[in-house]
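Scroll down for the structure; my scribbles are underneath it.
All of the numbers you see were taken from the coordinates with simple rules; none came from a lab. These figures come from a predicted structure and were not determined experimentally. Here the Cβ positions follow ideal geometry from the backbone for every residue, glycine too, while neighbour counts run over all protein chains shown.
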Amino acid sequence: MPAKGQHRRSKTQRIARAAAVVSAGGAALALPLMGATGAHAATGDAAAKPTTYTVKAGDTLVKIAEAQDVDGGWQKLYETNKKVVGSDAGLIKPGQKLTLEGAAPAAAPATTTDSTAATGSATSATGYVKPVDGSIGTAYHASGSSWSSGYHTGTDFVVSTGTAVKAVGPGTVVSAGWDGSYGNEVVIKHADGDYSQYAHLSSLGVSAGQTVTAGQQIGLSGATGNVTGPHLHFEIRTTPDYGSDIDPVTYLRDHGVSI
Ligand SMILES: [Zn+2]
């Protein structure tokens with residue numbers, strides 16, 4: 001089944017997403033002029049304006065910190081993105097998404113903001129991301145004879161061969177290798193017990209047993225296996241077994257991903 005390429009983000013879904021952001025960020029976000037307490041207003045502001053930067057080939061934290069004028073320099077940038085970058089500040093990979101923080105950090109140490117700050121950072125602490133920068137092609141549960149179950153068990157992202165494919169969340173690589181119609185495929189088990197799968201890859205960047213962070217590049221998209229063209233087939237399963245799939249887009253949204 002060729003990807004139809006249509007965008008399935010309906011108005012209702014966008015509204016639902018907006019509502020989720022407001023409730024997650026607290027009332028201060030929705031009502032910035034209504035006299036919220038200083039602590040909450042400060043936290044709300046910080047959470048409302050995160051900008052991200054996608055690492056390109058040849059980048060270093062020093063370079064990015066300078067180019068993006070990050071307060072606190074590369075050390076602050078590393079501190080903020082430790083979950084994505086990992087233990088080696090000198091090793092960043094193209095495709096990794098870094099959070100850029102502006103002048104807000106100065107307000108952070110106040111003890112009264114601690115609980116709010118902890119709640120606010122819960123989403124970014126898990127740090128879930130989209131598996132690739134691309135739009136949705138064939139949706140989850142689309143019906144068709146090309147799938148052995150009779151329906152599409154994942155969501156396809158429209159990307160050309162060679163696009164960075166990223167672990168959507170932290171986890172452990174269960175397998176990385178050839179899997180028949182899925183072609184080159186990576187399977188990651190996450191802390192919540194669910195599995196994410198990335199299929200049709202042109203190259204694999206990880207191996208079984210390896211621990212990965214959210215946003216870490218695990219391979220490059222491609223057109224291996226049973227495909228009519230390059231794309232990323234992305235699945236979420238609740239067990240390692242075929243047929244235990246759930247809606248990947250819902251899963252990502254539940255983990256705070258804007259999609
Ligand atoms: Zn697919």
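Details
- Put a dot 7 Å past the Cα of TRP178, heading toward its Cβ, do the same for GLU66, and the two dots end up 4.7 nm apart.
- Label-to-label distance for SER160 and SER203 is 1.6 nm, based on points extended 7 Å past Cα in the beta-carbon direction.
- Using the Cβ of LYS76 as centre and a radius below 14 Å, the other residues enclosed give a net charge of -4, where K and R count +1 and D and E count -1.
- The ASP241 and LYS56 beta-carbon pair, evaluated with R₀ = 51 Å, returns a calculated FRET efficiency of approximately 0.85.
- Scanning residues 5 or more positions from THR138 or on other chains, those with amide H under 5 Å from its amide H are LYS4, GLY5, ASP156, with H placed 1.01 Å from N in the peptide plane.
- Per-pair calculated FRET efficiency, R0 = 30 Å: SER145 and THR211 via Cβ, rounded to 0.05: 0.15
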